[in-house]
Amino acid sequence: MQKAADRLVEAGAGGVQFRVARGSEQFVVTSGRAELGTDRPVPADGRFRISCITKPFVAVVVLQLVAEGKIVLDNTVESYLPGLLPYGEKITIRNLLQHTSGLYNYADSFQKPGDRFLRDRYKDYDPADLIAIAAAKPLEFEPGTKFAYCNTNYFIIGLLIDKVTGRSYRTEITERILEPLKLTETVLPGHDPNIPGPHARGYMQIGGEAVDVTLMNPSEAGCAGEIISTTRDLDTFFSALFSGKLLNEPEFKEMTTPLPPEMIENLPMGIGYGLGIMKLANDNDLDLWGHGAGIPGYATLAATTQDLSARCQLSFTIGDKDFGPEAEEAVIRGVNVALCS
């Protein structure tokens, strides 16, 4: 595993933190530096932006609300949030969770990368404004006919949770997941640009230079990707999910019923997508589930077999190179070493 982590640094990562678990036994390896230009090692308990791995947390809340009779997966957006979308009667809550809504991804409207991020990194974004960007565009395909990963879906889910509970998704995630599981290293920062606790710094290639982008207002990611966590807390979360501590069997089955592989495109390692969670390819054809993520400066992947016999969480910071095919392959090879050796 140390060699796999070192290879990822050679491929362009600034620093790497890799947690591997087999049953109750686990260990962490690190590689690279926590800050470019220093010899400071990557902290083994370092915090990082988990970005799109926020989505499994959100999906758990929705499925708990399904079990409570407050949400029906095949009801439409219009039935819960009338007037939000001009075609809300066509899109179901299931479509949002599994990225089959056909909605335009608001993030595609931003000029990126680099200069736009530096200009707007501390800007406050209102979810309604970001959803409005998508609502002003026509559907990209008929809901349910295709898969296209889209953060707009989860911003709408955030409003849905608020509507049916009277409380924000941050409060619901905190009280339903973080507090019961004692995930004390996991936070929903809202508009706070800081990463609390020990952490490695993340960078972005802008104008041919590695620019420190550790600090950012995460409201641009919001319900689709704002959470900060650690590899230990992620392992606790996925272990609880797959051991039945968070969902009843009917809702867990809904979550882990994947779209067929032929619908999935441009999703590294993804061979199926359930409700907020991915089915992952691997060398040994393990029944492997998890999620990948990327946000300025940070990339993450969490994976577990359904029986929890093999699990891994990988966080790495972008360093002084662009993240390219060589680095992506190093991630895939590292995950396979962790899970399939």
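Results, tabulated for the structure shown:
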item	result
Pairs where the first residue, in region 264-285, is over 19 Å from Val337 (Cβ atoms) and the second is assigned to a strand (DSSP E or B) and among the hydroxyl-bearing types (Ser, Thr, Tyr), C-beta under 9 Å, 6+ apart	Ile264/Tyr273; Leu267/Tyr273; Lys279/Tyr273
Number of the exception - Ile131 against (1) outside any loop (DSSP other than H, G, I, E, B); (2) out of contact with any Ser or Thr (no Cβ under 8 Å at 6 or more places or on another chain); (3) within 22 Å of Gly294 (Cα to Cα); (4) of a type outside the set (Gly, Ala, Ser)	(2)
Among the candidates Lys245, Lys279, residue that is modelled with pLDDT of 95 or more and in a strand (DSSP E or B)	Lys279
Tabulated pairs, region 89-111, first surrounded by fewer than 17 Cβ atoms within 10 Å (Cβ to Cβ) and at pLDDT below 95, second assigned to a helix (DSSP H, G or I) and not hydrophobic (A, V, I, L, M, F, W, C), C-beta under 7 angstrom, 6+ apart or interchain	Phe110/Arg116
Given (1) outside any strand (DSSP E or B); (2) in contact (Cβ under 8 Å) with a residue 12 or more places away in the chain, number of the condition Gly37 does not satisfy	(2)
Test: Pro261 is surrounded by fewer than 16 Cβ atoms within 10 Å (Cβ to Cβ), over 20 Å from Ser341 (Cα atoms) and in contact with a strand residue (DSSP E or B) (Cβ under 7 Å, 6 or more places away or on another chain)	yes
Check on Pro258, modelled with pLDDT under 95 and not β-branched (Val, Ile, Thr)	no
Some residue of region 237-255 being charged (D, E, K, R), open to solvent by 30 Å² or more (accessible area, probe 1.4 Å) and touching a helix residue (DSSP H, G or I) at 6+ places or on another chain (Cβ under 7 Å)	yes
Checklist (1) in contact (Cβ under 8 Å) with a residue 24 or more places away in the chain; (2) basic (Lys, Arg); (3) within 22 Å of Leu65 (Cβ to Cβ) applied to Arg201, failing item	(3)
Region 40-69 - residue that is part of a helix (DSSP H, G or I) and of a type in the set (Val, Ile, Thr) and, of those, surrounded by the fewest Cβ atoms within 10 Å (Cβ to Cβ)	Val66
Single unsatisfied condition, Phe323 versus (1) among the aromatic types (Phe, Trp, Tyr); (2) open to solvent by 10 Å² or more (accessible area, probe 1.4 Å); (3) in a strand (DSSP E or B)	(3)
Check on Gly83, open to solvent by less than 20 Å² (accessible area, probe 1.4 Å), of a type outside the set (Asp, Glu), farther than 30 Å from Ala210 by Cα and modelled with pLDDT of 95 or more	no
Which listed residue is open to solvent by 20 Å² or more (accessible area, probe 1.4 Å) and within 19 Å of Ile131 (Cβ to Cβ), from Leu159, Leu181	Leu159
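Let's see how each residue does on (1) surrounded by fewer than 20 Cβ atoms within 10 Å (Cβ to Cβ); (2) polar (S, T, N, Q):
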{"position": "Lys3", "(1), (2)": "yes, no"}
{"position": "Glu10", "(1), (2)": "yes, no"}
{"position": "Val16", "(1), (2)": "no, no"}
{"position": "Arg19", "(1), (2)": "no, no"}
{"position": "Gln26", "(1), (2)": "yes, yes"}
{"position": "Thr30", "(1), (2)": "no, yes"}
{"position": "Ala34", "(1), (2)": "no, no"}
{"position": "Thr38", "(1), (2)": "yes, yes"}
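Condition check ((1) closer than 30 Å to Gly197 by Cα; (2) in a loop (DSSP other than H, G, I, E, B)) across all residues:
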{"residue": "Thr236", "(1), (2)": "yes, no"}
{"residue": "Leu241", "(1), (2)": "yes, no"}
{"residue": "Leu259", "(1), (2)": "no, yes"}
{"residue": "Glu262", "(1), (2)": "no, no"}
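For (1) out of contact with any helix residue (DSSP H, G or I) (no Cβ under 9 Å at 6 or more places or on another chain); (2) part of a loop (DSSP other than H, G, I, E, B); (3) within 17 Å of Ser219 (Cα to Cα); (4) of a type in the set (Lys, Arg), each residue gets a yes or a no:
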{"residue": "Asp74", "(1), (2), (3), (4)": "no, yes, no, no"}
{"residue": "Glu78", "(1), (2), (3), (4)": "yes, no, no, no"}
{"residue": "Gly83", "(1), (2), (3), (4)": "yes, yes, no, no"}
{"residue": "Leu103", "(1), (2), (3), (4)": "no, yes, no, no"}
{"residue": "Arg116", "(1), (2), (3), (4)": "yes, no, yes, yes"}
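The values are calculated or read from the model by the stated rules, or taken from the named source; none is laboratory data. None of the values given here were measured: they were computed from a predicted structure. For neighbour counting, all protein chains shown are included, and Cβ atoms are generated from backbone atoms with ideal geometry for every residue, glycine included. We work out accessible area using only protein heavy atoms, side chains counted, and drop any ligands, DNA or RNA first. Shrake-Rupley method; radii C 1.70, N 1.55, O 1.52, S 1.80 Å.
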